[in-house]
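The values are calculated or read from the model by the stated rules, or taken from the named source; none is laboratory data. Since the structure is predicted, the reported quantities are computational estimates derived from the model, not experimental observations. Don't worry about glycine lacking a Cβ; one is built from the backbone with ideal geometry, like all the others, and counts go over all protein chains shown.
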C-alpha cells in the first residue's frame, strides 16, 4: 500500500493509453486491494492546474485517453477485469471533478461539454452501467459491518441496478433499487457518493456522515423534503426524486423568451414568480419547521415536479453547507456560488438568515432576470414594482443582521409564511398592471389613443391595493401596513393623473376639431344648454370663460396653442405614469433637518408632476390662447426644478447609504440615475431661450409664433416624449426607486440603533455631609 498513489495510477494510465512503454505501473495495479485504490483516489489533485503540475499531464488529456482505452473493445487486455472496473471509477472521478469545475468557475450549462466525442452524462452512464465498475463502487464505498444500521441499509442495495443520474458539485448521484425492511419501502433510491478526493476534507466527511442525523426522517411523498434512510462518511442514501432541477427548468423557459432590445426592458416573468416563487416559499416554510435551514439553496438543489402549467411541487435536496463555496475567491461569483450568502462563503457557517439571501437570489432567477455581479437587486425589479424590489433588498442585504429589517419579519416557519403573503401581494399588483395591455391587433390599434385604457388599469391596481390594505394588521405589521396605505394613496394620484390626462387631451382635440369646423354638436351639450336656459351652440361654462379676443373657430391663429398644448399633454401623462407613479421619497419614519427638507422638496415636485402639466395646458387652451408663450417656459422651469429636487434627494440618499455600508446600493456610479443627471443641465439651458423668446412674443417683439410653437412641439415629441419619458424612463425610475429604498432602509437602521443604544445611567445625587 506504500506505493498506492495517484502518481502510480497516472503512470499506469500512460502505459495503457499508449503514451509510454513502461508497463511496470500497470502490473502493480493488479495487485492493489480496495484500500490501495482508496488511498490513490484520495490522492487525486483537486483542481486542474494542480493535476497538471503534479502529474505532468492535463486532466482533460488524461480523461480522453483513458476513455478511449476503457471503451475500446479491441484494446489489448493488459490488466484484469477487476482493475478495469477500478479504472472506470478513477475516470468517473476525473469527469465529475472536471464538470464541477467547469460549471462553478466558468458558468457552463450542465448539459454542455464534450469528452472524447461523448457528453459527460452519456459517458458516466456507460461507466456506471458496467458490472465491474458497479462492483468497484460497492467495494470502495462499503461501510464496515461494525457500522450497524448503516451497514444494514447498505446491504439492502441491489448494485446491479445502478444507473448514473447526475453530477453534483462534490458528488455523483446514482439511482439504485433496495429491498425492505431496512429502507422502509421497496422503491427507487438515490445514492449520493462523495467524490473521493473530497474525503480529504474533514468538514465534508463529517457533514456527509451526519446528514441522516441532521436532515433525516421519513417524509410523506407530498413533502418538499426527501426521506433520508442512512448516511456514511462518503455517501448518503435517500429516496430518489425524479424531475429536472430548477436550473434546467428555468433554462428551458428562457429558451422560449424573446431577447429584449435593451437589458432594462427585459420583462419580469410574473407567471413563473407566481407559480414557482410561491411554491418555493411554501417549501421553505416546511423546511424551516421540520429541519431548520438549508444552507445551500441554489437552483440545482431544487427539483421541479410540474403537475400542470399552473401547479408545481418543489423538492429541496442536498441540504447543508457546500464547502466548495468557501473556496471561491472574493469578488468572483461564477456559477451557483452567487446564490450562497456571503457569510457562508466567508466562514462556512449557515443558518436561517443565510437561507433568506439565497431565497432572494433564487426568486430573481425565477423572474427571468440575470443577477448582478455585485449582488444588488437588478434594475428591472425597481422598474416593475417598488414593493417587490423592497422585499428583495430586504432578503439580499450582505449583512445577515439587516435582512428583513424593513419588512419587520423574523426568520423561521412563520417568517417564511409572512414573506409568502408579502410576495403574493406584490405579484397580485404586477398581474393587475397587465390589465388592458394590448394582445390583439385591434387592441393595439385602440391603444394608440392616449389614455384609452390607463384610467381603467390604474383603477384595477387600486382595487387590489385597497383590498390588501384592509387585510393587513396595523398593530402587528406596522411597516407593511404603512407601505400598503402609501401604495393605495399613490395609486389615487395615478388615477387622478390618468383621468386629467384623458380629459386634457380630449379637450385639446375637441377645440382643434372646432377650429377645423369638424366639431359636431353632441347631445350632452344640447341638454346642458337646455338645462341652463342658454342659447347658442357653444359648450356651457367652458366657452363662457374664454377671453373675448380668443375666437373659435380660428384654425390658423389657434394652431400654435393647439400644437404646444397637445405635445405637452402627451409628454405630461408619460412623465408621471412612466416614472413617478408608485414612487414617493417619504418613509414611515419622520426625517428631520436637511433630510426632511430634501424629502419634502422631492415629494412635492413628484406629486405636482401629476397635476401642473394639465393646468399649464388647459388655462391657455380654454381661457386665453396668447398665454401659451407664458405657460410654456413656466412648464420647462417647473420640470428643471423637479429634476433638481429629485437629484438633490437621490444623491444625498446614495451618499449616506454608502457611508453606512449598505450593500443594496452599488458602490460605483449608478448608471440608471445618470440618465436623470443628464437631464438637469439640458433642462436649465433649454429654459433660458424659451423664457427669452416667450417674453418677446408676448410683447409682440417677435412675429414667428407658429415656427416657435412647431419647434417646441418637435422638441417635446422628439426629446421629452420619445427619449426622456420613453426610452430613458425605465432607467430613471430604477435609479430613483433605488435611492428612495436606500433612504427608507437607513431610516429603519437609524431607528433600530437609537432603540438599542444604551441609555446613560443617572447617578444619584451626592448628599453633602451635615455639619
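Worth a mention:
- Of all the criteria given as (1) under 21 Å from residue 116 (Cα atoms); (2) in contact (Cβ under 8 Å) with a residue 24 or more places away in the chain; (3) surrounded by fewer than 18 Cβ atoms within 10 Å (Cβ to Cβ), the one not satisfied by residue 82 is (1).
- For the criterion of being in the same structural domain as residue 149 (by TED's automatic domain parsing), over 27 Å from residue 111 (Cβ atoms), modelled with pLDDT of 90 or more and surrounded by 13 or more Cβ atoms within 10 Å (Cβ to Cβ), residue 199 passes.
- If you filter region 8-42 down to residues that are surrounded by fewer than 13 Cβ atoms within 10 Å (Cβ to Cβ) and assigned to a helix (DSSP H, G or I), you find that the one that is modelled with the lowest pLDDT is 24.
- Reported count of residues in region 705-720, each being surrounded by 12 or more Cβ atoms within 10 Å (Cβ to Cβ) and more than 39 Å from the chain's Cα centre (by Cα), is 8.
- From the list 697, 673, the lone residue that is within 26 Å of residue 656 (Cβ to Cβ) and surrounded by 14 or more Cβ atoms within 10 Å (Cβ to Cβ) is 673.
- One residue stands out in region 297-353 among those that are assigned to a strand (DSSP E or B) and within 23 Å of residue 174 (Cβ to Cβ): the one that is modelled with the lowest pLDDT, namely 305.
- Inter-residue pairs, beta-carbon under 8 Å, first under 26 Å from residue 394 (Cα atoms) and in the same structural domain as residue 427 (by TED's automatic domain parsing) and in region 453-481, second in a helix (DSSP H, G or I) and at pLDDT 80 or above, 6+ apart: none
- Residue check for residue 287: part of a helix (DSSP H, G or I), assigned by TED's automatic domain parsing to the domain that holds residue 396 and touching a strand residue (DSSP E or B) at 6+ places or on another chain (Cβ under 8 Å): yes
- Residue that is surrounded by the fewest Cβ atoms within 10 Å (Cβ to Cβ), among those in region 637-670 that are assigned to a loop (DSSP other than H, G, I, E, B) and free of Cβ contacts under 8 Å to residues at least 24 places away in the same chain: 668
- Sole residue being surrounded by fewer than 20 Cβ atoms within 10 Å (Cβ to Cβ), touching a strand residue (DSSP E or B) at 6+ places or on another chain (Cβ under 6 Å) and within 21 Å of residue 97 (Cα to Cα), chosen from 175, 161, 171, 119: 175
- Given (1) assigned to a helix (DSSP H, G or I); (2) under 29 Å from residue 407 (Cα atoms), number of the condition residue 585 does not satisfy: (1)
- Within region 185-239, the set of residues being in a helix (DSSP H, G or I) and over 30 Å from residue 36 (Cβ atoms) comprises 213, 214, 215.
- Of the residues examined, residue 98 is one that is crowded, with 17+ Cβ neighbours inside 10 Å, in the same structural domain as residue 29 (by TED's automatic domain parsing) and at pLDDT 85 or above.
- Single condition residue 91 does not satisfy, out of (1) at pLDDT 85 or above; (2) surrounded by fewer than 20 Cβ atoms within 10 Å (Cβ to Cβ); (3) farther than 27 Å from residue 251 by Cβ: (2)
- Test: residue in region 708-718 that is under 18 Å from residue 650 (Cβ atoms) and either part of a loop (DSSP other than H, G, I, E, B) or free of Cβ contacts under 8 Å to residues at least 24 places away in the same chain (or both): no
- Candidate set: region 218-261, residues that are within 30 Å of residue 671 (Cα to Cα) and in contact (Cβ under 8 Å) with a residue 60 or more places away in the chain; chosen: the one surrounded by the most Cβ atoms within 10 Å (Cβ to Cβ): 250
- Residue in region 295-309 that is surrounded by fewer than 19 Cβ atoms within 10 Å (Cβ to Cβ) and within 27 Å of residue 108 (Cβ to Cβ) present: yes
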